[in-house]
1. Explain nothing, just the number: relative contact order of region 333-428, from Cα pairs under 8 Å at least 6 residues apart, as a whole percent.
2. Too long at a 18 Å Cα-Cα cut-off: which of Lys101/Lys351; Lys351/Lys398; Lys96/Lys126; Lys20/Lys96?
3. Just tell me which aspartates and glutamates come within less than 16 Å, Cα to Cα, of Lys51; anything on the same chain fewer than 8 places away is out.
4. Could you work out the local net charge near Leu103, counting Lys and Arg as +1, Asp and Glu as -1, over the other residues with Cβ closer than 9 Å to its Cβ?
5. If we count every other residue with Cβ under 10 angstrom of Val320's Cβ, Lys/Arg +1 and Asp/Glu -1, where does the sum land?
6. Taking the DSSP beta bridges in the chain as the whole, what percent of them are antiparallel, to the nearest 5?
7. If you average 1/r over all unlike Cα pairs in region 167-322 and invert the result, what Kirkwood radius do you get in angstrom?
8. Testing the spin-label approximation: label points 7 Å from Cα along Cα→Cβ at Glu24 and Val45. State their distance in nm.
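Quick note: the coordinates plus some simple rules give every number you see, no bench work behind them. Note that the structure is a prediction, hence the values are computed from the model and not measured. A quick note on method: Cβ atoms are made from the backbone with ideal geometry, for glycine too, and the neighbour counts reach across all protein chains shown.
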Amino acid sequence: MVSTRNTIYEESVRLHRIYKGKIEVVPKIPLKSMRDFSIWYTPGVAGPAKKIAESVDEVFELTSRWNMVAVISDGTRVLGLGDIGPEAAYPVMEGKALLFKYLGGVDAVPIVIATRNADELIRTIKLIEPSFGGVNLEDIESPKCFYILNKLREIMDIPVWHDDQQGTALVVLAALINAFKIVGKDLRKARIVLVGLGAANYSVLRYLEAYGVDLGNIIVVEKPGIGILHRSHPMLESFKNTHPHWYEASLKTNRDEVTGGIREALKGADAVIAASRPGPGIIKSEWIKEMNNDPIVFALANPVPEILPEEALRAGARIVATGRSDYPNQVNNSLGFPAVFRGALQVRARKITDEMCIAGAEALAKYTEETGLSENRILPSMMEEEAYIREAVAVARKALEQGVARRKESIKVVEEEIREIIRRARRLGKPVH
């Protein structure tokens with residue numbers, strides 16, 4: 001496995017050196033004569049400039065801002081590499097921009113910011129708001145990322161999304177909906193264990209609550225020395241200042257005040273969602289055997305899951321998902337963010353609400369069910385164009401219903417536009433022979 005990864009790393013460096021990056025800016029309008037320059041730049045451009053000065057929302061109709069997203073990072077928690085700095089984060093943000101375009105037809109720009117200060121980062125992002133239709137936060141360390149997202153959602157008038165939080169949670173929810181369909185259990189009444197409560201699982205917890213899952217049945221396990229969270233935890237008061245999200249979870253979850261570690265949490269559980277640290281061995285196969293019948297195991301750490309899928313299956317797991325593409329049931333954020341932004345941008349949404357994300361998760365789950373649900377296919381692949389279209393339309397519809405859309409258009413027209421934009425983007429990514 002290591003040699004294969006090293007080969008991929010080397011090939012990636014070689015191709016990045018050849019292409020000098022993954023994206024470029026090209027004109028979208030025809031330029032055939034000097035008159036075209038007069039229309040698209042001076043003096044003609046004064047026309048749309050004056051219109052926007054009179055009514056600022058015209059900027060979303062007269063410029064590319066409506067479809068432009070900033071992919072922003074401070075480089076403090078990049079992939080599994082940790083705190084590698086903004087420059088080293090740039091190729092990752094550029095890759096994200098590539099996926100935005102190919103999968104969702106969204107124009108995205110990588111922006112890495114040289115500050116570790118949360119308030120400075122917030123101020124910088126707020127200052128560049130007039131240039132973008134949305135902001136995708138990426139690879140920002142926890143717990144700072146929670147504060148940044150919450151503050152920006154309060155002060156910005158465009159959608160702000162943190163993919164490590166909302167993106168992971170959306171795809172996990174879609175996968176859980178389908179997994180529970182297969183095992184014939186009620187997700188809303190299930191006993192679910194969250195291993196790790198970082199950016200990903202904290203949002204999973206929020207989305208489960210919004211979906212109607214009984215949080216009293218959920219058990220959260222943190223790192224050794226912290227263990228299972230509960231309202232009588234001896235460190236509860238200190239969590240208020242150091243880890244407010246742990247404090248919140250301690251009060252909301254674990255009605256029976258189960259104590260201990262991962263093993264104790266898993267006894268009798270219907271599902272486990274692990275988003276903690278690379279394994280294997282974080283979750284042991286004998287602990288899977290102590291779960292409820294037909295257990296569901298999501299081991300999402302990269303590059304090595306908390307328990308290897310083959311071990312979990314041998315221990316009796318009915319359904320296993322990971323974050324890796326070389327196993328079935330990859331929980332991949334790329335199934336979420338391109339479609340969510342496509343739907344939000346299409347109706348010029350002012351924000352991305354939790355309800356919009358849950359609508360996207362439900363659409364993703366339903367599409368998978370309609371096209372063939374099984375133990376080894378609880379989510380579609382990134383190559384299934386229709387999945388993104390359905391998800392984007394569901395997000396747009398919810399934005400219109402909630403009144404957060406600037407644009408008032410029929411969902412039929414919006415769906416036609418989304419379908420054309422996503423299909424066009426896929427055609428742009430085809431190889432030229």
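1. On the way: 113 pairs, mean separation 39.0, N = 96.
Reported as a whole number, the value is 41 percent.
2. Working: Lys101/Lys351 20 Å; Lys351/Lys398 11 Å; Lys96/Lys126 21 Å; Lys20/Lys96 16 Å.
Violating the 18 Å limit, Cα to Cα: Lys101/Lys351; Lys96/Lys126.
3. Qualifying aspartates and glutamates at Cα under 16 Å: Glu61.
4. Values: positive: Lys101, Arg342, Arg426; negative: Glu385.
Computed value for this residue: +2.
5. Working: positive: Arg318; negative: Glu310, Glu311, Glu375.
Residues close to Val320 contribute a combined charge of -2.
6. Working: 4 of 34 bridges.
If we restrict to bridges inside the chain, about 10 percent are antiparallel.
7. Working: mean 1/r = 0.0659 Å⁻¹.
Computed over Cα pairs of region 167-322, the Kirkwood hydrodynamic radius comes out at 15.2 Å.
8. Result for the modelled spin labels: 2.1 nm.
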